[in-house]
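First comes the structure, then the notes that go with it.
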């Protein structure tokens, strides 16, 4: 049904123009990274202080460490031994990093 296909394609372009979704962009990997997408981040500079109990923070609320050299410094008060917990972590379904205590030893993975 080539006529119906052409009609639906035309209608799609009309609606896409109306709702400002053009041009279509399938660059998923580039759009995920604020640096390559040209999207501003909420963090300025190269340092950030996090405090206990802050919970989960969205990716635009923390430093973007993807594909960048970085260091992590933490002041930790151990109240129970053995210390077995995550101190800070950042990641998603394809990778990330974590600073944790396991058996009273700090580990960076």
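The values are calculated or read from the model by the stated rules, or taken from the named source; none is laboratory data. All of these numbers come straight from a predicted model, not from anything done at the bench. A quick note on method: Cβ atoms are made from the backbone with ideal geometry, for glycine too, and the neighbour counts reach across all protein chains shown.
Structure notes:
- Residue in the stretch 11-32 that is touching a residue at least 12 places away in the same chain (Cβ under 8 Å) and out of contact with any helix residue (DSSP H, G or I) (no Cβ under 7 Å at 6 or more places or on another chain) present: no
- Scope the stretch 20-33; condition at pLDDT below 75 and not in a helix (DSSP H, G or I); matching residues: 33
- Candidates 41, 46, 17, 36 - the one that is at pLDDT below 85 and assigned to a helix (DSSP H, G or I): 36
- On the stretch given as the stretch 12-41, residues that are surrounded by fewer than 11 Cβ atoms within 10 Å (Cβ to Cβ) and within 19 Å of residue 89 (Cβ to Cβ) total 0.
- Subset of the stretch 60-85 [surrounded by 12 or more Cβ atoms within 10 Å (Cβ to Cβ), closer than 29 Å to residue 32 by Cα and either touching a strand residue (DSSP E or B) at 6+ places or on another chain (Cβ under 8 Å) or at pLDDT 85 or above (or both)]: 62, 65, 72
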